[in-house]
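Just so it is clear, none of the values below were taken in a lab; they were calculated from the coordinates. Computed from a predicted model, the values in this text were never measured in an experiment. Heads up, the Cβs are rebuilt from the backbone with ideal geometry, glycines too, and the neighbour counts pull from every protein chain shown.
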Amino acid sequence: MLISLNDITYTVSGKQLNVGDRILDFEATTNIRDNKSIDKTNAKSISAIKTWNLSDVGGAKIISVIPSIDTPVCQMQTRRFNREASTWKNVTVITISSDLPFTQARWCGIEGINNILIVSDYLNRDFGKKTSLLIDGIQILSRAVFLLDRTNKITYVEYVQNIIDEPNYDELKKALGALI
């Protein structure tokens, strides 16, 4: 698959997953933090990294895949899903990027992101490899959105061809309405 970032084209190896496919369980990392210890001025927090698996979460899921939380489009996407997640019942929203868990925790603490899970694929790129979203050469994730049923079967997927574009939220909402 070819994706673009402005005028630069990159290759993403592997076979795209489609509606009806299942996302295999994958291992990522997450940051354990005490939200009460966040100093929003300098984002200090007490934290530690722990292993996280998709199988840790039951029910319907939205996986929002972003290249890096330190970019404006990824921040907009993450804020939007955090806002929407507060209104969605019976669905867990998971944002995944290749950022370090500490970077994710810092940004989420400053921004007050607390309605979604944020996990990192930085350590072994397990998610990127299993979903064919790892961009060759730069080893970050390409932008995508998956809607999964309780068995992790894909009921909606969007691969965003230009990673500076946001996903189609309206189409995802339609698919979510049909699922839950």
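What the table below lists for this structure:
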| item | result |
| --- | --- |
| Ascending count of other beta-carbon atoms within 10 Å, so fewest first, for Lys129, Lys15, Lys89 | Lys89, Lys15, Lys129 |
| Percentage relative contact order, the chain, counting C-alpha pairs under 8 Å, at least six apart | 30 |
| Gaussian network model of the chain, springs between alpha carbon atoms under 10 Å - residue of Ala85, Ala48, Ala144 with greatest fluctuation | Ala48 |
| Value of [θ]222 nm, deg cm²/dmol, for the chain, DSSP H segments ≥ 4, -39500 (n - 2.57) each, nearest 500 | -7000 deg cm²/dmol |
| Cα-projected label distance for Glu166 with Ala48, points at 7 Å along beta-carbon direction, nm | 3.7 |
| Per-pair calculated FRET efficiency, R0 = 35 Å: Gln75 and Val19 via Cβ, rounded to 0.05 | 0.80 |
| Two-site FRET efficiency, Thr87 against Tyr10, from Cβ-Cβ distance with R₀ of 25 Å, rounded to 0.05 | 0.15 |
| Structure-derived volume of the Cα convex hull per residue in Å³ - corresponding label in [x] 140; [y] 96; [z] 110 | [z] |
| Modelled FRET efficiency - R0 22 Å, Ile180 with Glu111, Cβ distances, 0.05 increments | 0.25 |
| GNM flexibility winner over the chain from Ile96, Ile164, Ile69 (Cα, springs under 10 Å) | Ile164 |
| Most fluctuating residue given options Glu111, Glu27, Glu158, as computed from a GNM of the chain linking Cα atoms under 10 Å | Glu111 |
| Farthest positive-ward along the chain dipole, Cα basis, beta-carbon charges - from Thr151, Pro72, Leu134 | Thr151 |
